[in-house]
Each structure stands twice: as structure tokens, then as C-alpha cells.
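Worksheet for the structure shown next.
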Amino acid sequence: MKLNAKIALSLLFLGTTGLQVSAQTTETQYLSGKGKDDGVLWDFFVTEGMNAGNWTQIPVPSNWELKGFGKYNYGFNKEANKGKEEGLYKYKFKVADDWKDKIVNIVFEGSMTDTEVKINGKLAGEIHQGSFYVFKYDISKLIKFGEENLLEVKVAKHSANKSVNAAEREGDFWIFGGIFRPVYLEGLPQNHIERVSLDAKADGSFRSKILTEGDADEVAVQLFDAQGKKFGKRLKTKLSGKENWLNTSFANPKLWSAEFPNLYKAQFTLLKNGKVQHQLEQKFGFRTVEVKERDGVYINGVKIKFKGVNRHSFHPESGRTTSKEISIGDVKLMKEMNMNAVRMAHYPPDNHFLAVCDSLGLYVMNELGGWHGHYDTPTGSKLLKEMMVVSENNPSIIFWANGNEGGHNAELDHIFFEQDIQKRPLIYPWAVYGGFETTHYREYNYGIGTYDHGHNIVMPTEFLHGMFDGGHGAGLEDYWKAMLANPLAAGGFLWDFQDQGVVRTDKNGIIDTDGNHGPDGIVGPYYEKEGSFFTIKEVWSPIFFEKREMTKGFDGSFHIENRYSFTNTNQCTFSYELKKLGNYNEVKESKKGSITAPNIKAGDKGVLKANLPQGWTDFDVLYITAKDVNQQELFTWSFPISLPNKVAKSLIKEDGQQNIAIQETANSFVVKANGITYQINKTTGLLEQVQNAKGVIPFKNGPVLQEAVNNYKNFKLSREEGKVVIASTFDRKESYNTLRWEILPSGQLKMHVQYFPEAYFTRFVGVNFDFPEDQIKGVEYMGMGPYRVWKNRMKGNQFGVWKKDYNDTATGEIPFRYPEFKGYHSNMYWTKFIGKDQSFKVFTDREDVFLRLYTPKEQKDTDWKNMEPTFPKGDISFMNGISGIGTKTQKPETTGPMGMKHVYYDFEKEPIRALHMVLYFDFM
């Protein structure tokens, strides 16, 4: 019995000791939800706009516009009475009696914007001004423990502080109101750790600055690895005042980077006379950030090229109120595009977004609010410290940014360096500062002695401004080649990640982008992937494949480059798949296999050897997939094996000798073969009509030359080897462009055009036909797909057989339906045009033919003067060259060589130098 009593007493002691330690951690009591999907209802009253003047309820956190209150407004909108409503909140809560001996803070993670807080009718403190910052009030003396308390909050959407409005409310983004991030109570013991600042370097050195409150006398720290195992020895130090330091070093830590985001946890314990007073845990990573003047940015001793994007905190249904799930989804999409960096535009994000960047691996530029205007010094000083306190220990943060595009307050610079013990570099976006040239939207060949040709580290914090289908992917390949080649280039940040289309609760739920201000994303409001998504994925793949043709002499060797910073290619996995293609969704034969990953260090080049099986040349296409250390796809490259002449040969019908009937009218040749009747104009040579047993097919009026003179002349009809030929005559001056039709006994029609572009510089060249848009249902085609291309955005697709139903989508506009149907499509072998009444097939034996399907609808409210998305005449075109596209701020030719016009030489119209377009038509 005595033994059992001792055991019971020991268990009781252990239990109470555990409770004692647990009770000394920071305790949290949420008064709101944690994100957009779990809001807690508070009483609410809005002064103007939708549902104004009545007390009702609203979920917290939220932006009130998205819940049907107040007024929507975009930052560019300067009307005096636009978006100046106030919101009044009330919420009743209880605090347990066992919190009586604690310091109780009420914490707001974000409120837009001026926020007055009362507890039981008394002010908790001064009004907080500034929307995106965590702020708190000590309400220990204002609350009644064990009883009901009344929280009252007044939020003014428009700040009484002009500098706050200049920094936050007059920008290029939607302006919202409300308590949009979580609200909670924080219970701390009287003796507690107020703040911990960490600096852990790649060499294992570890510094921590610890600020404490109370009369504790000692602090200890113990590190834990990702598996929860102790890392290194526990370190203690006696306290001497409010601020204390712990300095030590650890052997062989796993380093943090975007490729290997190794995290540790530091557990700080505050002691008094050996008794635990408070415990605090902080995740961090060992990594070193260094800027070398006129050289570059180094992470852990390795020079980095940032593949970045700008990102707003945004969801179309909840505005700036997001969730941890959204943060995870956003980071995963960025990583899927092979990005390694993200810039916070133009304010600090939710804390959970930074935590996800820490754990999944993204380099972050965290930014103090500002957009062409900045906070005054007293306000900015306070908000900057609030930003630093909650984000200084995130290893993902590599840079700080002081405002944006002229919204820089230089009087705040010293605070960044004083508050940050890591001394991370400070950036002025859109300016030359601190050894960085970050100017936005500079032309590809901008300046001499500046930018790409200058002496500063080049890192545009915004470039290739997306709109419609330009930007983002269009021009990126040229920019990236230049950035890789320039030792002073540190990469850059695309503008921007997601379309800023918001659900208008006052307009029957439409998605509003405020004209052309909002639709700037690589993905749509609901993360719809545009074509540029996949272009970026390929261009920014850390494994680069040198161009490779699949010839009979190919031995399976691919020359590749390892563009990682830290990863060896032997840490990746590679596989192949060979396919014989049929119609859409038909694979006649497939063979798969793995490829041994070569040993190629980061930054080096080498060979990937695929041991392909016997008979691989009988397949149509080879796919190679590379996956990273986490088995996430980097990209799947496709290498056509069968060329168009081989595929065309299989599609040409040999139906034996058919009786081809010929009839001539005053204006036309009429030829009938195997049930197909063709009518071709005697003078122009253009196809006037096609008819089969089912009726007339409305495909006609071609080939009309684009950017060339339609001077086909002197057509003659003849019979040659069982086929009928209608051909024009070449003359260097009068008819140097020629057209030849061949009607085959099978009823198939062959067209061969030889032509010379009219100008030395030309946007596009090819031949056009008419096919009424209201007669087409879709296409099935063999070529690169499924996304359309531009001259300066060719990457991101795969070779295969694709099917696309007709849609009239304008990129970045409702409905966000991708891939778009209309536009240019590359490397066409054959296309089946699916009409409402009939279908027919067109194929070619020539390489590098582009298919053009109609003219995409212009996005409303879009300024086209820079983008110049040019298309030929007619409805359906078969092109030898297509046009590029510009961005919101740049014309196509200023995005790099790929965006420039084509150059063709005619050499006095010698036929041997003509461009060729060969097409076969099957109207059976």
C-alpha cells in the first residue's frame, strides 16, 4: 500500500509539474475565426453604403464589402465620398478566472484601417492607424474575469492620417474595410519573454536577443530539429536587465534555402530561482544572406538568381481575408512554376503565409506598406516595428522593402537595420538604392551604363506587367537568358501572381477587375492557369534541356544544365515515355522507363543518358519528365520523333484511279473526284467552294497571302499521273508568288504556295481561308498544345494530340476558361475542324507550321497600344511566322529579340528562296 501511495504521489507530482510548465506558456483565446471560412459572428453597423444604418451581424475576420456592407472602391478612384464609411463592431466574451494573475493582451492581426478599441466602455489605448500590421493592447485592468465583457471596435475605412491613405488607400489595388485578420486574447505570466530575435548563420553560429518583462533571473535555450530531437546542448545565461543575448554555435546544422527548407525550433525558457516562469518556441533556419557590391546576392555562399513573383493577400470572395489553406495553395502554385521567390505587394502578408514560405521554401521580400506615397515618420516608425516583431525570425525573408514606387520614407531606413539583428538588405522597389537597380518594366535593351549594362546589381522588383495574354510568359525567355548571362543580374519578380477580380455583392456577384486595373495575374481569381503558367514553368525549370532533334543517329544523350543553386541532379528523378499517337485520347502504343540521374553539381552542365528500347524510332514522340527531391514535377519535355512528312504520308489516301471529272465555267474550274467537288477561280486561283455528299462545306476564299502580294496569275489546268493540277505561272516581276492545286484521285486536295513577304520586317506571314466562326464547334489537332502561343512565348506546351472545344474567352476576363480556343498554335501536323454540320481534316508535310484559329476577343477596358496582339485577315490561317505580344507597359519588340518582327530576304524573288506552305485537305 505504501509503495502504491508513493507511485500515486509521484504521478501526481509529475502531473502538476507538467501543468505548471504548460501553464507558463503563452495562452491564446480566439475571439474571431482564424481565416475566411470560420468567421465568428459579431454585431455590426456600417455608416454608409450597402446595408447602412442598421445593427446586424458580420463574421470576423472579413472585409465588410464582401459581406454586403459599405462601398467598393479601387485605389485609383479619388472621388471625395468614395469608400469613407465606418464600421462599428460589438462582441461579448468571457475570460476565465485562472487568467487573473496574467497579463492579458487583445491582439489584432490586421484591421482596415483606423481602429478604436474599447473594453467595457473604456478605451484600450490610442487609435491604431495602418491596416496590415499586428497590434495589441494590454487590457488586464479593463476586463472582468469570469464575467461577460463587452468589446467595441470602431473601424474607419479611410484614415484620419493622410500619410496612411497615401501609403495604403490610394494605390493600384482594391481598397477594403473591416477587421480582416484574426482577433484573439493573449495570456502571459507576469514574468515573461516579450520578444526573441534570432540570427542563425550557415556556419552554425547562433545569436539571440531576448527581451523580458518581470524579475526573472535566468533564460535558457534548447534547439530541436525537424523530427523533434534535441540539437546541441542546452544553453543558459543570467539576466541583467530587460535586454539579454545568448550567443553560441552548433556543428553541422542542416541549412535553410528555398531548395532545402530545413527548419529548427528554439525553445526559450525563462527561469526565476530555477523555477520555470515562461516558455516560448520559435522556428528558424540556419542560413546566411550576403550582398556583395557590384556582384550579387549570396545565400549560404552561393550566388542566387531570384525567380520571383509579386503576390497580394487576396481571394475574390473574401478580399484581403485569407486562410492558411490559401497560403499553402499559393506557395504550391509558385513552386509548381519553379519559382523560388515572392515579393509581398505592397504590405506585409498574413503570418501563416510567411510560415508556409519557411516550410515549403520560398525567398521572401517583405514590404512596408507604400504605393507612390508613404507613411509619415512617427506612424511609419511604429508600423515598421510592428512588422519586424512578427516576421524578423522567418528564414524565408531575405529582403526588406521600404515602400513601393516612390513610397519610400528614407527617415525609416535606420530602423530596419537597428531592429533586424540579421542586417538583411533593404530594397527600394522601382529605384536605385543600396547597390540594387530595381527599376520596374524596363525594356529588354534599356540604357547604356544603367540597368543591364550598368554597375549595380540588377533585380527588377516588377517586370513583364501582365495584361490580356501578354507579359509573364511573353518575353520571359529572352529576359531570363539575359539575366543568366549577366553576372550582375539577380533575377526579378513578375507582376503579378493572381488576377485581382473581386466578387461584387452589390452587382449580383459579378467578378469585377475595375476595368484593366485588376486583371494582371498568371492565374485567375480562382487560380485558373493561363498559358503563361506553363511557359514560366519550363523557362524557370532548374533542369534545362539543350535543343535536341530525334534523328536515327541519336544515342539517347541529352545535354542538360543544372540551374539549381544547391541541388545535384542525382537528387532528382528522371523518366521517359514513348508514344505512338492516334486520335485524341488514343495511344496506340506506349513504353515507359526510368533514366539514371546523372551526377551534375549545381551550376554545371552534363549529359542525361536515356537507354531507349529497340524500335524507339517507330514511335511518334518521346516525353522526358524530371522531378525534384520531393517528387514534384519540374517539367515534362516532349521530343517529336515522327516528322510531319511521315505523318502526312500515312494520311494521304491511295484509292486507286478514280474518274476525275473536269468542268469549266466562265470564271471557275470545277473538278469532281471521289464524290468531292471543288470550285477554283480561274483568275485568282482561290478556292471558291467545296461540296461533298452531305452538302457544301463553308471553307473557302483561300489561300489569301498575309503580308505578301496575292499576284498568282496565268492559271492552267492539266492532268498529271492520274491527278488534276491547277497551277499559276512564275514571273519575277508580275507573279513571283505561285499557287499550285492538285486534286488527287482519292478526292483529297493538295495546295502548294511559294511566296515572298512584302516587307523586309514583317509581323507574320502565311495564308488565310474563310470559315464562319458560327459554324465551328471545335478542333482536334496534332502539334504542340494545348495552349496557344506567341512569337515571344513558345515554351510551356507538349507535343501530342489535343482537342479544344470552341470558346470565346478573353484572357483575364470572365469566363476564365482555359485553354483559350482562338489564337496561334504551334508545330501543326494535322487538324480536324469539327463543324456544326460537317468535319474535315487539314494536314501538312512541312515542319514549323502554325495554325491560327480566328481572332481572340479583345478584353474590354484594355489598352492595346503596347500589347499589339496582331492577327491575320480571314478566319483560319496556316502560318510560317506569327506575331509576338507586348505587355501593359511594353511593346512586343521591347521585350527582347523574340518579340521583334520577322526578317526575310527575297534576293530578287528567286524561287529557291521563297517560303513554302504545303497543305492537304481531306473533305471526306
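Coordinate-derived values only; no laboratory data. Here the structure is a predicted model, which means the values were calculated and not measured. All Cβ positions, glycine included, derive from the backbone under ideal geometry; neighbour counts span all protein chains shown.
Across the stretch 27-184, the convex hull enclosing all Cα atoms gives 105 Å³ per residue.
Panel values: the chain, Kirkwood radius from alpha carbon pairs, Stokes-Einstein at 10 °C and 1.306 mPa s, translational diffusion coefficient 51 µm²/s. If you bin all the Cα-Cα distances of the stretch 715-783 at 10 Å, starting from zero, the percentages per bin are 15, 32, 34, 18, 1. Treating each Cα of the stretch 292-539 as an identical point scatterer and summing with the Debye formula, the log10 of I(q)/I(0) at q = 0.09, 0.16 Å⁻¹ comes to -0.37, -1.24. The mean sequence separation of alpha-carbon pairs under 8 Å and at least six residues apart, normalised by the residue count of the chain, gives a relative contact order of 8 percent. Over all Cα atoms in the stretch 227-377, the spread is summed up by Rg and Dmax: 18.9, 54 Å. If you bin all the Cα-Cα distances of the stretch 563-635 at 5 Å, starting from zero, the percentages per bin are 3, 15, 22, 20, 15, 12, 8, 4, 1.
Taking the C-alpha atoms only, the angle from helix 476-485 to the longest principal axis of the chain is near 70 degrees. Note on Arg719, Arg207: ascending count of other Cβ atoms within 10 Å places them as Arg719, Arg207, the fewest first.
Loop-located trypsin sites (Lys or Arg not before Pro) in the stretch 375-459 (DSSP state other than H, G, I, E, B) with a sparse environment of at most 13 neighbouring Cβ atoms within 10 Å: Lys423.
Which angle from 0 to 90°, rounded to the nearest 10, does the C-alpha axis of helix 377-391 make with the longest principal axis of the chain? Value to nearest ten degrees: 80. Between the helical axis of 324-336 and the longest alpha-carbon principal axis of the chain there is an angle of about 40 degrees. Close amide H contacts of Gly778 (hydrogens built in the peptide plane, cut-off under 5 Å, sequence separation of 5 or more or a different chain): Tyr806, Ile834.
Note that the stretch 503-513 has calculated 3J(HN,Hα) couplings of 6, 8, 5, 9, 9, 6, x, 5, 9, 10, 10 Hz, one per residue in order, obtained from phi through the Karplus relation 6.51 cos²θ - 1.76 cosθ + 1.60 (θ = phi - 60°); glycine and proline are x.
Given the stretch 529-659, report the % of alpha carbon pairs whose separation exceeds 26 Å. Cα-Cα pairs of the stretch 529-659 separated by over 26 Å account for 32 percent.
Label separation (Lys591 vs Lys303): 4.3 nm, computed from points 7 Å beyond Cα along the C-beta direction. In order along the stretch 698-705, phi translates into HN-Hα couplings of x, 10, 6, 6, x, x, 8, 6 Hz, rounded to whole numbers, per the Karplus curve 6.51 cos²θ - 1.76 cosθ + 1.60 with θ = phi - 60° and x for Gly and Pro.
Any chance you could check the Cα centroid distance between the stretch 135-155 and the stretch 828-892 for me, in angstrom? Cα centroid of the stretch 135-155 versus Cα centroid of the stretch 828-892: 63 Å apart. For the stretch 67-96, trypsin sites (Lys or Arg not before Pro) meeting the loop criterion (DSSP other than H, G, I, E, B) and having at most 10 other Cβ atoms within 10 Å: Lys78. Give me D for the stretch 192-284 in µm² s⁻¹, whole number, from Stokes-Einstein with Rh from the Kirkwood sum over alpha-carbon pairs, 37 °C and 0.692 mPa s. Rounded, D is 241 µm²/s.
Provide the FRET efficiency to the nearest 0.05 for the Lys82-Ala160 pair, computing r from the beta carbons and using R0 = 22 Å. Show your work: numbers first, answer last.
Details: r = 17 Å, r/R0 = 0.76.
That gives a FRET efficiency of 0.85.
For the stretch 446-574, the Cα gyration tensor yields ellipsoid semi-axes of 34, 23, 13 Å (square root of five times each eigenvalue, largest first, whole Å). At q = 0.11, 0.16, 0.23 Å⁻¹ the log10 of I(q)/I(0) for the stretch 651-760 amounts to -0.35, -0.72, -1.29, computed by Debye summation with a single uniform scatterer per C-alpha, solvent ignored. 3J(HN,Hα) couplings calculated from phi for the stretch 885-895 with the Karplus curve 6.51 cos²θ - 1.76 cosθ + 1.60 (θ = phi - 60°) are, in sequence order, 9, x, 10, 4, 10, 9, 6, x, 5, 8, 8 Hz; Gly and Pro show x.
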